[in-house]
Amino acid sequence: MDNNLENESSLIISYLTLRKIIGILGAAFPFLLFLGALIFFGTGLQGSISGYYHTGMGDVFVGTLCIIGFFLLSYRGYERRDNIAGGLACLFAVGVALFPTTPDRATVGGLDIVGYVHLAFATLFFVTLIYFSLRLFTQTHKDRQPTRKKLQRNRVYKACGYVMSVCILLIIVYALLPNDMALQVAKIMPIFWLEAIAIIAFGVSWLTKGEALLGDET
């Protein structure tokens, strides 16, 4: 009996650690790309997070996304749909990494075919992350009552999901702006900042799921 309890405890710790790693990688991703490109290659701010593929940080961009994808594939939740969502998130993350965005897409009109594939994978990746935060993370095991901390974590999950949703909607609005207006707005690099905020929200959501934030006392 004691061995079963120890195994279950180790498994829980492993799952929490996995979620924390995903959260740390997600929250650090924009800073890692921006600071790495600036410090090591003297490269300024790019029009989007994906734009760093075409800088000296390209290998870091691809490698980090693949690592995040692998960890998402390893994620296990309460139900089969959790595992399916993890598998899809892995597929979309790897797709974003392997199909690069068109260079300077913030200032050059039009995407090539690979750019459109990249955009589709990126959109589906964020949609899956939003689904994790708003639907999967807010669940409670059917045999348990949610703790006070769990209810607080649910509010964080929902806030992160809504932040990601608003960021994606604003990116779509920006893409639909008339060309002259879009060129004016492009000066402040809106896609980079909106993607960065959405990715950081993704990281916070997973850090909370790993109970690095608002963890239960027992």
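The numbers here are math on the coordinates, done by the rules we state, and not lab data. Note that the structure is predicted; figures quoted are calculated from it, not measured. A quick note on method: Cβ atoms are made from the backbone with ideal geometry, for glycine too, and the neighbour counts reach across all protein chains shown.
Here the calculated FRET efficiency for I39 and E79, from their Cβ-Cβ distance with R0 = 35 Å, stands at 0.20, rounded to the nearest 0.05.
Residue-wise HN-Hα couplings along the stretch 157-165, as the Karplus relation 6.51 cos²θ - 1.76 cosθ + 1.60 with θ = phi - 60° gives them from phi, are 4, 5, 4, 5, x, 5, 4, 4, 5 Hz; Gly and Pro carry x.
Taking the chain as a Gaussian network of alpha-carbon nodes connected by springs under 10 Å, the highest mean-square fluctuation of the residues I84, I130, I68 belongs to I84.
Compute a Gaussian network model of the chain, connecting alpha carbons closer than 10 Å, and tell me which residue from V166, V94, V204 fluctuates the most. Result: V166 has the largest fluctuation of those listed. Couplings 3J(HN,Hα) for the stretch 34-42, derived from phi with the Karplus relation 6.51 cos²θ - 1.76 cosθ + 1.60 (θ = phi - 60°), are 5, 5, x, 5, 6, 6, 8, 10, x Hz, where x marks Gly and Pro. Distant-in-sequence amide contacts of T43, defined by a placed amide H-H separation under 5 Å and a gap of 5 or more residues or a different chain, comprise L38. For a straight C-alpha distance cut-off of 24 angstrom, the lysines reachable from K209 (same-chain residues fewer than eight places away being disregarded) are K20, K142, K149, K150, K158.
Hey, what's the Kirkwood Rh for the stretch 24-126 if you take every pair of different alpha carbons, in angstrom?
Computed over the stretch 24-126, the radius equals 14.3 Å.
Nothing charged except the Cβ atoms of Lys and Arg (+1) and of Asp and Glu (-1): what's the magnitude of the dipole of the chain about its Cα centre? Round to the nearest 20 debye.
So the magnitude is around 620 debye.
Remark on L213: its backbone amide H falls under 5 Å from those of T208, a criterion applied only to residues 5 or more positions apart or on other chains, H modelled at 1.01 Å from N. The residue among Q184, Q145, C90 whose Cα reaches farthest toward the positive pole of the charge dipole of the chain, with charges on the beta-carbon of Lys, Arg, Asp and Glu, is Q145.
Given R₀ = 45 Å, what would the calculated FRET efficiency be for L177 paired with Q145, taking r from the Cβ atoms and rounding to 0.05? That gives a FRET efficiency of 0.40.
Using only alpha carbon pairs under 8 Å that are at least six residues apart, calculate the relative contact order of the chain and give it in whole percent. Spell out each step's value before the answer.
On the way: 278 pairs, mean separation 63.5, N = 218.
Computed over the chain, the figure is 29 percent.
In this structure, I188 and D59 have a Cβ-Cβ separation that, at R0 = 41 Å, corresponds to a calculated FRET efficiency of about 0.90. For the stretch 95-101, backbone phi angles converted through the Karplus equation (6.51, -1.76, 1.60; θ = phi - 60°) give residue-by-residue couplings of x, 4, 6, 8, 10, x, 5 Hz, Gly and Pro being listed as x.
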